[in-house]
Structures are given as C-alpha cells and as structure tokens.
Amino acid sequence: MKGKYKYLLRMQLYNLFGINRLIHSRDKQEKQRSAIVGALGLTAIAILVVYTVKFSNSMAEAGLSKALPTLMVVVCSLATLTLTFVKSTGVLIGLKDYDMVMSMPVRTISIVTSRITMLYLINLIIGFIAMLPSSIIYVVYEHPPIFSYLFLVGALFLTPIIPMIISLSLGVLIVAVSSHSRHKNVFSLVLSTAAVLMIVFASAKTQSMDEAQITNLGVAMAEAVNKFYPPAILFTNALLHNDWASFVIFAAVSLLLGIAFITIVSHYYKRLNTAVFSHYAKKDYKMGTLKSSSPFMALYKKELRRLSSCTIYALNSCIGIVLLFVVALGAAFFMPPALRQQIETMGIMSIIQNIMPIALAIFVTMTSTTAASLSLEGKNRWIMCSAPTQARTVYNSKIAVNLTVILPVLYVSAIFIRIAIPCSLMQTVLLFIIPTVYAFFISVLGVYLNIKFPKYDWTSEYYAVKGGAISVLATVGGGMASSLTPLYLCIIFPHYQMMIMFGITCLILLATLAIYLNVCRTQLYV
Amino acid sequence: MDAVLEIRNYSKVYSGNKKAVDSLNLSVKAGEIHAFIGHNGSGKTTTIRAVVGIMDFDEGEILINGHSVKDEPVKCKSITAYIPDNPDLYDYVTGIQYLNYMCDMFSVPAEERVSRIQKYADVLNLTDSLGDLISSYSHGMKQKLALIGAFVHSPKLLVLDEPFVGLDPEASFHLKKIMRELCEAGTAIFFSTHVLEVAEKLCDKVTIINDGKLIESGTMEEIKGSHSLEDVFMEVVENERQV
C-alpha cells in the first residue's frame, strides 16, 4: 500500500502550485505565468509572516507572551477550518480523474490517504505561517525548558489535523445529504453558504471577545478557547505547565481523528462518488415549444446555470456579497442599542456615514464571478470559440452575470445600512453610486485578468476557482487594494474624506472604461 | 461551382518553431464530401481548428464562402458547424437546453427549431433523453447531441473531426445518411477520419496530409485508382518517410 500511496501522492504533488509545469514547460508564457503565481504567493506569505511577527511581538511586549501559544493554535485552526472547507469536496470527491484512479490496482484507503495528505501539506504551510513566528517569539520571551521545544514542534505538525478533519467531515456530510436530492447543487450551495457564514461569524465572535477584554487578554483567550476549541487548551496546558499528559492527549486525539476519518471515508468513498457522479435521468422528454433568445441572452442564461450548478464557484465568488447582506441586515435590525450609543458618544458617526460607501465597496470587490468564468469553460471552450458571435458578447454575458449577483443584493443592503445609519441625501446617493462603480470595475477586471491568465486544464473546478488560479488571486487582490486604499486614506485624512472618495471613484470609473475597451479588442481562441 | 471552403498556403507554427502545418492548399465545393486523412499528429486537427476560427494562424488565408476566417470570423462561423474529436458539452444543462442554446447562438428562427431538433433527435434516437442533464449521457449520446447541435442550423460548411469515433453502428449509419442528405442540399462537408473504409465509400474527394505537408489531394478515383484507399495511404506515407 505504501508504495502505491507514494505514487498517488507524487502525481498530485506534480500539480501543486504548478511546479512541474514550471520545470518542464518550454512555453515562455507558461513559465512567466507560473513565475507570477509564485511571486504573488511568496508576497502573500511574506505579508502574513510580517503581520504575525508584528502582532506576536506587540503582545509579548505587553507582557502577554504566555497567551501566544493559545492564540497561535486558535489562528491556525480557524485558518485551516475556513480554507479546508472551501476545498473539501473539490479535492476529495467528484474529481475528474476518479475513474482512472479507481480503476488502478490500488486500495481505496491509499487513494483517500493520498488526497488527504495533499490537503494536509497545504494546511501545514498555512500552519507554519500562522505558528512559526509566534513560536519563535514565545521562545525568545519565555525561555521555556528544553522539552517545550518538542511540544512546539509537535504542535506545528499536529494543529492543522483536527480543524481539517472537522471541515472535511462537514463538506463530506453536505455532499452525502445533498446527493440524494435532485437539485443537489442548489442544496449543496445553500448548506455550504450556511456553513461558511457559521465559521466566519464564530471566528468574528471569538475576536470580538478578545478586543472587548483587551486589558486581560490571557483570561479572555482562555475562556474563549475553553468555550469554542478544547484541543487548544490541551496544548496550552502542556506548554505552560509542562504537562506531558495533555500533550499526549492532544497528539492522540489529532492522530486518531485523522485515522478514523480516513477509514470511514475510504469505506464510503465509492458510494459517495457514485452519488455525486450519478444523475437523475427521466428519459421521458416530449418536444414542446422552445423560447428563442438573442446570443447575448443565451450566453447570459448559460452563465447563470454554470454559476448555480457549481457549488465551489458560487461559494467562492459570491461569499463577499452574501456577507454584506448578512452584515447589513444585522446592522439594520439587530444592532445592540449599547453599540449605537457608544458610536454616538465616541463622535465617530460622521466618519462612519462618510466612509460607508467605501465599506460597501470592500464587500463588492470580494465578489467576482468573472475572474474564473473563462477558465471554467475548460474543455467546453470549443463551443464558445466556434459560436458565431463577437468575443465582446461572450465577455459582456460574463460581466452581466457578476452584476446580476452583486447589484440587487448591494441595493437591498444599502437600504438596510441607510435604515441603520442616519445619512444626508448626498451620503445616501453615494451609498448606492460608489459601490455600483466598484461592481462594474471588479466585473471588468475579472474578465480582463482571466483572459490574461486562463486556466483551462483543470481536473476539478476547485483548481479553476481557487488552487492558485492567478486570475482569481489577482482580481480579489486588485479589487481589495482599490477599495481599502481610499478607506485607509479617508481614515488618516478625515478632513478630505469626500474629496478622496470622489477622486478615487472617478479614477476607478476611468480604469473600468480603459480595461473594458481593452477586453473588447481581445479575440477568443482555444 | 464556387468553393465553400478554400485554404490557401496555410501554415501554423507552434512554439519552438516547429511547423505543424506547412503551406497547405485545398478547397471543398458545395455538395462535396471531402475526407482529410493522415497519421496522428500529422496536422489534421490543427488545420480544422484554424478553419473553424478557434485557433489563430500565422501564414496563409482561409476563406469560407468567400469570407476570410481571420477578418470576418463571425460571418464565417455563422455558416459553419463544427464538432471536435471529443465533444465536451456543458454537463450542467439538459440536452434540449443545449440545443436551444445552439439555436439561439446561430439565430435559428423560433418556429423552425422544434421541427429541426425533432427530425434529427428522432433519427438518432435521442428525443426521450433531451430533458435530462448532459452529465447523465453516455459518450455516444453526447456525440449524437453534438451532431444535432451542428445540423440544426443548416450549415453551409460542416467540419467534423473524427465524427465516427464512439458512435454505435446504428448512429454511424444514420450519420452517413444525414451527411449525404446535407450534401445533396448543397452543404460542403470536410471531415478528418482514421476509418479509411468509410472515407472511401462516402467521399467525393480526399486529401492526405503527413507531417504537416499535403501529400495527395484529388477525387477519390484519382487518388486510389483500382486500389483500396488503405493501400494507397500506406504506400504514399511509406514513400514520404523514405524521402
């Protein structure tokens, strides 16, 4: 088993971060793309490491270095929990190479283990980014006994396991439940969105508890961790009280959970995949009338079907606008009176009123169906390329879908925000106009970057939507930078808020037009 | 009779300066079935992809009904139907949604599309499954659906890449029959195949390509004479290798 597991894992590693492609491709453009992905990835890692070091250092300087181990376990666990959930089914179930892999003389448990090992390795990188800098700072400030180093190294390797298994279990459970439904994609999308919202709000709740009790962070942390995540307390006990038993339990629980999950999924792997791949066929179609549409409408309807048929695509590209809706709804109808009073007494209401359009734009720039829409054509792209229509019409249909996703939800959310926060007429108008400009910008930017960096040769939609898809990374990065920059400028130059917002919105509008004209000139080839 | 498809000095160079196709010339007239044969990697698919406007090319000119594929791609595509060797279709739509989509894209009048779809779907025995998702189709069913999607807009030029691969004998028989009917109605058909017996029985003209270069082109009688097409193909390719 071990030998074949090794081959399966090696084959997956070839696909990881496009390393094999970078080594063997003779295509210069391909190499350039891989280099850009690598550079972006390394930059993101560097930013995260710097952020973690600064945060850990300031905590240690404030005399809270003892809280660092707990904090790093919590951060690593939350990051793993969220990121694994988005990948869970795309990496484990319903892969395009399922038939090929399952037809090989290899045990199912080897296949499942190789897939989970791959996920574990990715999570390990996240874990190292979240935990290694804090561990070093903890060692520098606390000078723990020598065997504590063993606990720290052990925690680096063990911490991602439990959250990874929780996320994977949730993902597999959703697949198992929704696969019995005829409308399994919609069902799976609803369940997955609910799960992501739960994870995001649970993590926000943990963070808000810490900030509220910032003066006694250690106690607040311990309470939060006790409440939400018991494995972290085991590790904290081991490290702070030299408690070997706690560490052994932490390690044993992590490993046993991993083994149990692999065993159970291996047992049901074939059944789960059969459920995913099997389709409801009535074979009773009778020809009726057919409604005709223009090429644009035909493409637009097809794009909407694509979005609703692929959970990972919808979840990943629309979560920003869903979050906005939930936050706006909460602000309008569930805002605690104490918080409203606090905002008014602190005198920051006018700042909030002014920057709210940009705050909405941040959520908008997190929403781009267009960044992966061309890549998702995959092997179907011959249909799009051979159709007798201008490339511009194809791009317009993809842009229209993103606007359809964003604009109605944005306007309803803006109304909720207006209910929650009293605004002048001008502020209210801007609340609608500025995020609309950003909606057009992110839609056009997504198409432009996807034309420049398409990823057609995916084995699972996950790799077109996430998994190092450069167009998605660059679109979300560029979009967030375009909305966070004016927000930052508004905060440091409060007297020029209106000028900054007008100026940057005009720039964004001009950039949108320029990018769109460029997109319209681009031909489509396979 | 004017050529519906005319390829003049077409060349395609991939990265690394290897010429996948080198100065290819051929023409297909209305009502003509033209077979395009050659080994794997000889440049057939590269040529076909350039003809249907889904791949850019470096040298030469490709004209469909007198319009340049490079300069007027939409005009050319609107009278061309294409089916690739392995037609991947949208798995997330039903068969009828796909066909209606193709009708919309090729501007088939609303009043005609039902009868056209019905005609071909009945012949290819696919009508009952049109309401099901394409993901539930077998490989052969997908191929039949792609064929209906190609026939439904009555193209002037039909370009098929290995159309007989994966079809059951009955569907294969009906495809040949439909190809002849379209041909009689004035459609020009250009298709690649490895099944030389089919090419021999079905086609008026044949072009043999090897290593990106045209080896032989002409009417079936001119090319094969009293021999079988298979014998001629093997001999011609062997001679080329020795050269």
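Just so you know, all these numbers are worked out from the coordinates, no wet-lab data involved. Being a predicted model, the structure only gives us computed values, none of them experimental. Positions of Cβ are generated from backbone atoms using ideal geometry, with glycine treated the same way; all protein chains shown enter the neighbour counts.
Structure notes:
- For peptides B:26-38, A:419-431, A:339-351, sequence by mean Cβ density within 10 Å, most packed first: B:26-38, A:419-431, A:339-351
- GNM top mover of B:Val74, B:Val159, B:Val52 - chain B, alpha-carbon springs below 10 Å: B:Val74
- For chain B, a Kirkwood radius taken over Cα pairs fed into Stokes-Einstein (25 °C, viscosity 0.890 mPa s) yields D = 133 µm²/s.
- Across region B:1-92, the volume of the C-alpha convex hull divided among the residues equals 129 Å³ per residue.
- Rounded to the nearest 20 debye, the dipole size of chain A about its Cα centre is 2220 debye, using +1 on the Cβ of Lys and Arg and -1 on the Cβ of Asp and Glu.
- Rg over Rh [alpha-carbon atoms, Kirkwood Rh] for region A:344-418: 1.22
- Put simply, when B:142-148, A:327-333, A:109-115 are sorted by average Cβ atoms within 10 angstrom per residue, most first, you get B:142-148, A:109-115, A:327-333.
- A prolate overall shape is assigned to region B:136-227, the ratio a/c of its alpha-carbon gyration tensor axes (a ≥ b ≥ c) being 1.5 or greater and a/b exceeding b/c.
- Test item: B:134-140 mean partner chain Cβ contacts at 10 Å: 2
- The helix-based estimate of mean residue ellipticity at 222 nm for chain B, built from -39,500 (n - 2.57) per DSSP H run of four or more residues and divided by its residue count, is -11500 deg cm²/dmol to the nearest 500.
- Normalised by 2.2 N^0.38 Å, where N is the number of residues, the C-alpha radius of gyration of region A:261-373 stands at 1.74.
- Packing around the peptides A:388-395, A:362-369, taken as the average count of other Cβ atoms within 10 Å per residue, puts them in this order, highest first: A:362-369, A:388-395.
- Whole-Å distance, taken between Cα centres, linking region B:1-72 and region A:403-470: 42
- Residue order for A:Leu16, A:Leu315, fewest other beta carbons within 10 angstrom first, comes to A:Leu16, A:Leu315.
- Close amide H contacts of B:Ser11 (hydrogens built in the peptide plane, cut-off under 5 Å, sequence separation of 5 or more or a different chain): B:Ser23, B:Leu24, B:Asp58, B:Glu59, B:Gly60.
- Residue by residue along A:300-310, Cβ atoms of other protein chains within 10 Å of the local Cβ number 3 on average.
- Within-10-Å neighbourhood charge of B:Ala110 [Cβ basis; K, R +1; D, E -1]: -1
- Calculated FRET value between A:Val326 and A:Phe147, using beta carbons and R₀ = 60 Å, to 0.05: 0.85
- Peptide-level mean, for B:85-92, of C-beta atoms on other protein chains within 10 Å: 5
- Largest to smallest principal axis extent of the C-alpha atoms in the protein assembly as shown, angstrom: 97, 67, 53
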